[in-house]
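Following: one structure in structure tokens, then a few remarks.
The values are calculated or read from the model by the stated rules, or taken from the named source; none is laboratory data. Predicted, not measured: the structure shown is a model, and the values here were computed from it. Note: ideal-geometry Cβ built from the backbone for every residue, glycine included; neighbour counts use all protein chains shown. Remember, those area values only see protein heavy atoms, side chains included, never the ligands or the DNA or RNA. Shrake-Rupley method; radii C 1.70, N 1.55, O 1.52, S 1.80 Å.
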Amino acid sequence: MIPEGSLLAAHDLRKTYGSTPALDGASFSVHPGEVVAVMGPSGSGKSTLLHCLAGIITPDSGTITYAGRELSAMSDAERSALRRSDFGFVFQFGQLVPELTCVENVALPLRLNGVKRKAAERTALEWMERLEVDDLGTKRPGEVSGGQGQRVAVARALAASPKVIFADEPTGALDSLNGERVMELLTEAARSANVAVVLVTHEARVAAYSDRDVTVRDGRARDMEHAV
Amino acid sequence: MSIGHTLLGLLESGPRHGYDLKRTFDEKFGQDRPLHYGQVYSTMSRLLKNGLVEVDGVESEGGPERKRYAITDAGITDVSQWLAQPEKPEPYLQSTLYTKVVLALLTGRSAADLLDSQRSAHLRMMRILTDRKRKGDLADQLICDHALFHLEADLRWLELTSARLDQLAKVVAP
């Protein structure tokens, strides 16, 4: 059961940690260029859903289809390659490599995909300009503010031209002004590049930047557009 | 909002016609609710009667007469007092949402569904306001933020109530 036109779709996902069910029949889909917020209380299973969708963890059962390919049918190496080529990630914090400069951080996914340093850094700088942090190129993550670091992380997530960005509480460590600016830039850049965004958040103001929201409760996802 | 005080405040920068007052009010504070001409003229008559404004001149230029209003000293004092007086914080104790949740529980309907659909409606409005904020100027941003923070507060209450439905059902059970 894959919704028509969807880029990434999950059906009836189940995942248990020990005796605790984290996902209990969750389904989800996102279209190209669509921003979908995944909401729900703490411990509801929303991060587990994101990790399954991104191929970081494997569900116990259920299917995940990305661009017509079944994720569970892929080997670990194939899934890793897919993550590098098609997926971008933004987390709450601690995602930039502290030893590298900001521009090297943004260029990293391109370098891992085999792009030469000069070309990778040129693309990285273009994205940093879009995210209004091009003046931080030579600085290291420890030398920039939380808001700036998060914009660098968004630039990095977009640099390798992914098809999907997974953002797990991307503004969780920021004040509301910085958080809103990060969301504005992330969603604008993603929409203009036709990149889908799966946005996990518990903040309604952040979710309001999405096109649609899905609520995870007790391991089940519910599309709120079709709520009673 | 006190329309009288707002119009008085707008007159502090200089005399204006009724039409000009309406246009400035709509531009700065009207958002999606512009003033009716009738409201402007009835408010100005009241302010005139109370000595808070005076007629600064009358023009006709071939058309109907247009009065230009100016604020009086008493009017300036009135605006100062209004601005210095804190707005009474809304206690929010009469909540239709709460009433609906309790009634749903009392009548055996799904309060969880009610909360979910309300949540959805709130988020839809937050999306509209966020979009408007994104495209607007600083004034738009501030007014939309004010609305967004209130809607967010409602949403937090909806979440909390969802988590406490079982508990609430026991308390309100007949």
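Summary of values
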quantity: Residues (surrounded by fewer than 20 Cβ atoms within 10 Å (Cβ to Cβ), at pLDDT below 95 and in contact with an Asp or Glu (Cβ under 9 Å, 6 or more places away or on another chain)) located in segment A:127-150; calculated: A:Arg130, A:Asp134, A:Gly137, A:Gly146, A:Gly147
quantity: Enumeration of residues in segment A:210-228 that are open to solvent by less than 10 Å² (accessible area, probe 1.4 Å) and either at the interface with chain B (Cβ under 9 Å from one of its Cβ atoms) or under 22 Å from B:Cys144 (Cα atoms) (or both); calculated: A:Ser210, A:Asp213, A:Thr215, A:Met224
quantity: Residues of segment A:165-202 classified as modelled with pLDDT under 90, within 11 Å of another protein chain (Cβ to nearest Cβ) and either buried (at least 24 other Cβ atoms within 10 Å of the Cβ) or within 20 Å of A:Lys46 (Cα to Cα) (or both), total; calculated: 1
quantity: Those helices (runs of 4 or more DSSP H) lying entirely in segment B:50-138 with at least 1 residues assigned by TED's automatic domain parsing to the domain that holds B:Arg16, open to solvent by less than 50 Å² (accessible area, probe 1.4 Å) and modelled with pLDDT of 95 or more; calculated: B:73-84
quantity: Answer residue from segment B:142-153, given it is more than 9 Å from chain A (Cβ to nearest Cβ) and open to solvent by 40 Å² or more (accessible area, probe 1.4 Å) and is farthest from the chain's Cα centre (by Cα) among those; calculated: B:Ala153
quantity: Hits in segment A:20-47 - residues which are polar (S, T, N, Q) and crowded, with 24+ Cβ neighbours inside 10 Å; calculated: A:Ser29
quantity: Matching option when the condition is under 30 Å from A:Arg181 (Cα atoms) and of a type outside the set (S, T, N, Q), among B:Leu165, B:Leu148, B:Leu103; calculated: B:Leu148
quantity: Residues within segment B:2-41 that are free of Cβ contacts under 8 Å to residues at least 60 places away in the same chain and on the phi > 0 side of the Ramachandran plot, tallied; calculated: 1
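Per-residue answers, yes or no, for (1) closer than 22 Å to A:Arg222 by Cα; (2) touching a residue at least 24 places away in the same chain (Cβ under 8 Å):
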| position | (1), (2) |
| --- | --- |
| B:His122 | yes, yes |
| B:Leu138 | no, no |
| B:Gln141 | no, no |
| B:Arg156 | yes, no |
